[in-house]
Amino acid sequence: MTRKVLIERIQKRRKAVGITYENLAKLTGLSLRTVNRFFAGEDVKLSTVERITSLLGLDFSGNEIVPLETLQKQRANEKALFLASLVQGTSTLEIQGLEKSELQKMIHRFEEELLYGEYRDKLWVA
């Protein structure tokens, strides 16, 4: 497979996921310059390709290993857990820790909003 074909596959997946270069850089821990260089077809480290493909649910050849819907659900869960931990931390500071069942409901609501609600455009925002 040529580099051009690989980049096209990854670019197609990036667009399907709906993630910007900026957020791709933040979530992979790469610089924006490196991400731009990769998509421009310039030489980058193999670890750069691995970080990008892994985040997008692709293997090293750009083949899907994680279905798009599963990838989005995983991201929504990660982000929902993070948001709930912020709320839980605030509640703990106020000596009003949330019960486990309430916390699970909150996480589920966050996931639903990130996947289907008004915040779905924020799913991949770092």
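Any read-out appearing in this document is the output of simple, stated calculations on the displayed coordinates, not a laboratory observation. It should be emphasised that the depicted structure is a prediction, and the values quoted were computed from it without experimental measurement.
To the nearest 10 degrees, how steeply does helix 3-17 sit against the main Cα axis of the chain, on a 0 to 90 scale? Helix 3-17 and the main axis of the chain meet at about 20 degrees. Plainly put, the range 18-74 has a radius of gyration that is 0.96 times its Kirkwood radius, both from alpha-carbon atoms, as the Rg/Rh ratio.
Only alpha carbons enter this Debye calculation for the chain, each as an equal point scatterer, and the log10 of I(q)/I(0) it gives at q = 0.18, 0.19 Å⁻¹ is -0.93, -0.99.
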